[in-house]
1. Any idea of B:Arg167's accessible area? Nearest 10 Å², probe 1.4 Å.
2. Residue by residue through segment B:193-209, what is 3J(HN,Hα) from phi via Karplus (6.51 cos²θ - 1.76 cosθ + 1.60, θ = phi - 60°)? Round to whole Hz and write x for glycine and proline.
3. Which one, A:His192, A:Phe136, A:Val125, projects farthest toward the positive side of the charge dipole computed for segment A:3-230 from Cβ point charges (K/R +1, D/E -1)?
4. Could you give the size of the charge dipole of chain A about its Cα centre, using +1 on the Cβ of each K and R and -1 on the Cβ of each D and E, expressed in debye and rounded to the nearest 20?
5. Under a 5 Å amide H to amide H cut-off, with H placed in plane at 1.01 Å, what residues pair with A:Ala20 once short-range neighbours are removed?
6. Stokes-Einstein at 25 °C, 0.890 mPa s, Kirkwood radius from Cα pairs: D for the protein assembly as shown in µm² s⁻¹?
7. Please compute, for peptide A:80-90, the average count of beta-carbon atoms on other protein chains lying within 10 Å of each residue's beta-carbon.
8. Would you mind checking which residues have amide H under 5 Å from A:Val4's amide H? H placed 1.01 Å from N; only 5 or more apart, or other chain.
Amino acid sequence: MKKVIEIESLHFTYPDGTVALRGITLDVLEGEKVALIGPNGAGKSTFLLHLNGIFRGDGSVRIDGLPVEKDNLKAIRQKVGMVFQNPDDQLFCPTVFDDVAFGPRNLGLDHDEIERRVSESLAAVGMEGSVKKSPFRLSFGERKRVAIATVLALRPSVLVIDEPTANLDPRSRRATIALLRDLHDTQVIATHDLALASELCSRIILLDSGQKVADAPAAKILEDNTLLQAHGLV
Amino acid sequence: MKHGFLDKYSDLSSPLHSLSATTKVIVFLVLIIVCVTTAPTAYFSFAGYLAFLMVCLAVSRVPVIHVLRRSLVVVPFLAMAALSIPFFSRAAEGRNAITAAHPGLIVFQGIALKSFVSVCSLILLSAITPFPHFLSALRKLGTPRLLISLMSFTYRYLFLMVEEFERMVRARDARCYGGGWLWQTKVVGRMVGTFFVRSYERAERVYHAMTSRGFDGRVPVEDAQPMRLKDHLFVLPSVGFLVGCRIFLAPGWLF
Ligand SMILES: Nc1ncnc2c1ncn2[C@@H]1O[C@H](COP(=O)(O)OP(=O)(O)OP(=O)(O)O)[C@@H](O)[C@H]1O
Ligand SMILES: [Mg+2]
């Protein structure tokens, strides 16, 4: 199968000297849904930000065979749909329409195509009714859905999502899981929600202290209680 | 969302609400310009402007109390202006031969009338125009993109920041906040510092989210609604009336 993400010995240190990633190597295949789990501060968010070149550490990152480099950034950011943890960081336009249209407009698409993508993406997350609303008038769960729609509008080849179920009530959480299950793209999901990982993902990667500790089929990791306990996940 | 919105009532439906935002921006801009250039003693002109505002207000069905309450924001500025009254010398009196009033009072009365009419116009404009439409109208009328982006971000994040600050205040008070004024000043100073750092970090995260979707420095705005026949039917008579009040009811061209 085709490799969508290829990463080789990725290291990253924050400007203040915090070493966040210490040599991560992994591949993600097309159509795979991978959960990235690990305790607070493990480096999950830092890792995700490397997938579309917002952070550039040492080591190599390739998306669809394309190295993440300055010249490729535009193409890479279209291929990697990144959903941030806090929807308030992601939704910055005065209306939901503008927010979902933001990516397509940056791609320079024409008006009709933009409208088509907006309605298609909002329909995919069940938020068609809110096109004209302001993001701050939506509930947290609704904002989360719109945040997902904003990247669907780019038609990415891989969805990268940071903590999709954090701060959601049980019903919104269920709805989000169902939504992600129906979106059949390749997905990389950083989460603490082991139930989500087991329901959604075929494979789990366990990070701790900036290192890859385990990488195996979901069932295998979830039944390894000693491993999960050692890394503070149960 | 518990805060009153900047553009509260802008989702009512009335003939005024249904006009294009560009129309409304043009008319109210004209109103403000003719108003601030009118001589302070031209009472008939000001009566004309106020009458225009009242008709718009009635048509729009925005509650009068909303406009009046918000118009109170000018009071502190007026108080400042009032402080300066005694400092106007009687020497300037020659210019105001029409009345025998103290020149400081005339200046003050001018400031009061002009700021009241201008502020009410803005409040009414914001109550009949959803803010995103207001921005696209400004864009269409040639406002620089950078300013539009700034306003659009402010609109989006203002309430979030107010809420964040309220949360900080609550967290502070929950821990038995008190003590001497020096200590209190220190605490407030630190809160402002923290607030700044948090906003800065949020800005960074927002920027990441933007670049992730291919942002290249230009914030795209929705196209403004086009001006139709009814818009022209509103603009022409309104501008005619306002400019007429300015020219025919006020003495002289100067302020
Ligand atoms: N802006 C920053 N400057 C310096 N250090 C940082 C910064 N952001 C994160 N770190 C550090 O990098 C390490 C990895 O953080 P990261 O946010 O990637 O963890 P995470 O796995 O996403 O944790 P969480 O589950 O809490 O979201 C942590 O030790 C953190 O303190
Ligand atoms: Mg994180």
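The values are calculated or read from the model by the stated rules, or taken from the named source; none is laboratory data. Worth saying up front: this structure is predicted, and the values here are computed from it rather than measured. Neighbour counts are summed over all protein chains in view; Cβ atoms, including those assigned to glycine, are modelled from backbone coordinates with ideal geometry. These area figures cover heavy atoms from the full protein model, side chains too; ligands, DNA and RNA do not enter into them. Shrake-Rupley method; radii C 1.70, N 1.55, O 1.52, S 1.80 Å.
1. 130
2. Once θ is set to phi - 60°, the couplings for segment B:193-209 become x, 4, 4, 4, 4, 4, 5, 4, 5, 4, 4, 5, 5, 4, 4, 4, 4 Hz.
3. Final value for the positive-end residue is A:Phe136.
4. Numbers: 28 positive and 32 negative charges, 48 e Å.
In debye, rounded to 20, chain A gives about 240.
5. Amide H neighbours of A:Ala20: A:Phe12, A:Thr13, A:Tyr14.
6. Details: Rh = 26.4 Å.
It comes out at roughly 93 µm²/s.
7. Mean number of neighbouring Cβ atoms from other chains: 4.
8. Amide H to amide H, under 5 Å and 5 or more residues apart or across chains, A:Val4 pairs with A:Val28, A:Leu29, A:Glu30.
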